[in-house]
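In what follows, a single structure is set out as structure tokens and then discussed.
Quick note: the coordinates plus some simple rules give every number you see, no bench work behind them. Computed from a prediction, not measured in an experiment: that's the story for all the values here.
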Amino acid sequence: MDIKSLIFSFMFFVFTALLGQESSKPLETVKKVDLNRYVGLWYEIAKIPNRFQKDCQSNTTAEYSLRDDGRINVKNSCSRSDGKRNVTEGVARIVENSNNSKLEVSFFSILGIRPVWGDYWIIGLDDNYQYAVIGDPDRKYGWILSRTQELSKKNLEEAFQILRAKGYDTKRFEFTKQK
């Protein structure tokens, strides 16, 4: 191997390592979430496609409400291709010492026991709680949520900037039809 090939190989290795470095950084969440302001109805604007939403064709929403035990009721719904509504209910719990910015959500229960929990981290949040950016530490899942069925161009670009800054590949996101 000549010196040019060796240098090229080394530079290629460094470049690819740097490309992968952003998404290997720990995922940062927002500093604090006021749950009283966060609960309520959210419209899904965009998401990384996933297996548990494969039947959702449009009109996807998430509705959160506080429970007396400190947890949060979660009600996700969407329209399927046959026009019927698909509704899934679950529970979220707050990760300790996260200032409410890290949640774990479960949609599966056996005899009242929830053996499976998924990460739901709030990585971006509008000051007025009009849009939120949700992710997980592996960056496998991601959502942009809004209080309205449409997000302004400015707020949508802000949400995508947050995703890029947090190491997400925004090309993986698809927009959700809201009617």
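Data for the structure
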{"read-out": "Degrees between helix 3-24 axis and first principal axis of the chain (Cα, 0 to 90, nearest 10)", "value": "10 degrees"}
{"read-out": "HN-Hα J in Hz across segment 90-98 - Karplus 6.51, -1.76, 1.60, θ = phi - 60°, x for Gly and Pro", "value": "x, 9, 10, 10, 8, 6, 4, 6, 10"}
